[in-house]
Amino acid sequence: QVQLAESGGGLVQPGGSLRLSCAASGSIDGINYMGWFRQAPGKQRERVARMSRSGIPDYADSVKGRFTISRDNAKNSLYLQMNTLKPEDTAVYFCNVPLGRTIYWGQGTQVTVSS
């Protein structure tokens, strides 16, 4: 079992920034990719970004140039720096770890971009 705990969400004005964190614990040996997904009301969950254990990032087109994913393998943690936030970034953001045949999810953290 892998437990994931997100933090860092909140309310921010358009153009503002937030930094999300995800801490992994439990049976974490063998984790390669860690990622961030988001789900807005009435929409499907979508991948925002992911990073391999070796540090190779991959971003959705909608966030390229604005969001930066990073990870600290020693701390089993994943981060998402979100800059120039837009109202359409409003969603619940989930940390995601695929491991073997199982996909683990955190409980999610709400990000609201509004004036």
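Please specify each residue of region 78-96 satisfying the condition of being open to solvent by less than 60 Å² (accessible area, probe 1.4 Å) and either outside any strand (DSSP E or B) or at pLDDT below 95 (or both). Across region 78-96, the qualifying residues are N83, L85, D89, T90.
Set side by side, the residues D61, D29 differ, and just one is farther than 19 Å from L99 by Cβ and open to solvent by 50 Å² or more (accessible area, probe 1.4 Å), which is D61. For region 32-45, taking the residues that are open to solvent by 70 Å² or more (accessible area, probe 1.4 Å) and within 14 Å of the chain's Cα centre (by Cα), the one that is nearest to L78 (Cα to Cα) is identified as Y33. Restricting attention to region 3-14, the residues that are more than 10 Å from G106 (Cβ to Cβ) and open to solvent by less than 50 Å² (accessible area, probe 1.4 Å) add up to 4. Applying the condition of being in contact with a strand residue (DSSP E or B) (Cβ under 9 Å, 6 or more places away or on another chain) and hydroxyl-bearing (S, T, Y) to region 1-55 and asking which residue is farthest from L80 (Cα to Cα) yields S27.
Just one of the listed residues (L80, L99, L85) is within 18 Å of P57 (Cβ to Cβ) and not polar (S, T, N, Q), namely L80.
The residue that is farthest from L78 (Cα to Cα), counting only those in region 46-57 that are in a strand (DSSP E or B) and open to solvent by 60 Å² or more (accessible area, probe 1.4 Å), is E46.
The values are calculated or read from the model by the stated rules, or taken from the named source; none is laboratory data. It should be emphasised that the depicted structure is a prediction, and the values quoted were computed from it without experimental measurement. Don't worry about glycine lacking a Cβ; one is built from the backbone with ideal geometry, like all the others, and counts go over all protein chains shown. SASA here: full protein model, heavy atoms, side chains in, ligands and nucleic acids out. Shrake-Rupley method; radii C 1.70, N 1.55, O 1.52, S 1.80 Å.
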